[in-house]
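A short write-up of the structure that comes next.
Derivation of every value follows stated rules applied to the coordinates shown; laboratory data play no part. Not measured: the values here are computed from a predicted model. Methodologically, a virtual Cβ is constructed for each residue, glycine included, from the backbone with ideal geometry; neighbour enumeration extends over all protein chains shown.
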Amino acid sequence: MRHSLTLLLCLAGLLGSLAAADPVLAVTGPDSVIVAYKDLPVQLSLAHIEVPPEMSAACQARLAELLDGQEVQVIYKEEFGTNAIGAALVHLKAGSKHINLILVTEGLARYKEGEAASSYGRMLSMSQDRAKEDGKGLWGQAVVVAAAEPAAPAAEPAKPAASKTGPIVAELRGTHYYASDDPRAAKIPERRRIYYRSEDAAKRAGKRAAPAAPSRAAAGGNEADADRILSEAKQTYANAIDAGNSTKRDDLYGEAFNQFTSAMTIYSDLVEQRPDDAALAEKLRETMQLRYGAMKQRRF
């Protein structure tokens, strides 16, 4: 059943009454949400933004993250215009966070002019200019197109695969980028993946190259390396705690998770070789516990 009580926000009187903070019930699209107004679900569409298809999933995920458990202030002005079905377009604020502005600033949506000039529109337009300069989101992203590769002549042997093939992959809010054939890239949820045409494009968007994943075959017996990585991971974990409630904290937890994973890989191989070594088993247990903690502490 669709929201039979959903109100189309075309009446300025109703919109004016939404000035108080209203709880968000759901994020229904990359630029639309439902809020509770006097116990009625009200559908809202965001003004001055346009989300290209390739950014739809990432934009919706970010919108859901920003509005999770939040109450919003709805801002409506006649010059914002209406959407395709005639519903008025709005700006949303959750506390000090201007939601429309964040989506454009992070390159998840484009600025779209309203029906008339607006200070809100100009603000988003300037933010888009900065996002372009910094190569954020869609401005640094490659549109992934499956291009047919020319068939090799039958007489020629197949060439070995390149060490890095395909686009560069990163998590939407993550710190590092990976080659698409890196096993760690496969662990990124599809809805949170963002693709870049090159490493330079990823770097312009603020991503860093992921540390090399340890080889299980090469890890055998090197307990000193595992101890060093574990020590570095603990320091990163402590830095994340000290960072407070911030995006930096989440990035540090993500970095600590990768470091704990590297140490865990080595310890796991060593435990298989030395199953009676209680001290080694305790190191593996501690590493796994801290790794789980780093994963759980991230807000996304």
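Cα convex hull, segment 12-139: 97 Å³ per residue, rounded to a whole number. Gap in Å between the Cα centre of segment 187-204 and the Cα centre of segment 21-59? Here the two parts' Cα centres lie 25 Å apart.
Suppose R0 equals 22 Å; then what is the FRET efficiency for Glu282 and Asp225 from their Cβ-Cβ distance, rounded to the nearest 0.05?
On the way: r = 18 Å, r/R0 = 0.81.
Between Glu282 and Asp225 the formula returns 0.80.
The length gained by stretching the chain between Ser119 and Arg274 to full extension, at 0.36 nm per residue less their Cα-Cα distance, is 49.1 nm. A full extension of the chain between Arg130 and Ala26 corresponds to an added length of 34.5 nm, given 0.36 nm per residue minus the alpha carbon distance.
What FRET efficiency comes out for the pair Glu79/Leu40, r = Cβ-Cβ distance, R0 = 25 Å, nearest 0.05?
Working: r = 26 Å, r/R0 = 1.05.
Taking R0 as 25 Å, the efficiency between Glu79 and Leu40 is 0.45.
Taking the charge dipole of segment 163-210 about its Cα centre, with +1 at Lys and Arg Cβ atoms and -1 at Asp and Glu Cβ atoms, the residue from Ala202, Ala186, Leu172 reaching farthest to the positive side is Leu172.
Residue separation times 0.36 nm, minus the C-alpha to C-alpha distance between Lys296 and Lys187: what's the value? Let's see the in-between values first.
Values: separation 109, 0.36 × 109 = 39.24 nm, distance 1.56 nm.
That pair, Lys296 and Lys187, stretches by 37.7 nm at full extension.
Applying D = kT/(6 pi eta Rh) to segment 214-300, where Rh is the Kirkwood radius over alpha-carbon pairs, T corresponds to 4 °C and eta to 1.567 mPa s, the Stokes-Einstein value obtained is 99 µm²/s.
Cα convex hull of segment 73-122: mean projected area in nm², to one decimal? Before the final figure, lay out each step's value.
Working: hull surface 14.9 nm².
Mean shadow area of the hull around the Cα atoms is 3.7 nm².
Based on the alpha-carbon gyration tensor of segment 163-210, what equivalent-ellipsoid semi-axes (square roots of 5 times the eigenvalues) come out, in whole Å, largest first? If you can, show how the numbers build up before the last one.
Details: eigenvalues 38, 33, 15 Å².
Taking √(5λ) for each Cα gyration eigenvalue gives 14, 13, 9 Å.
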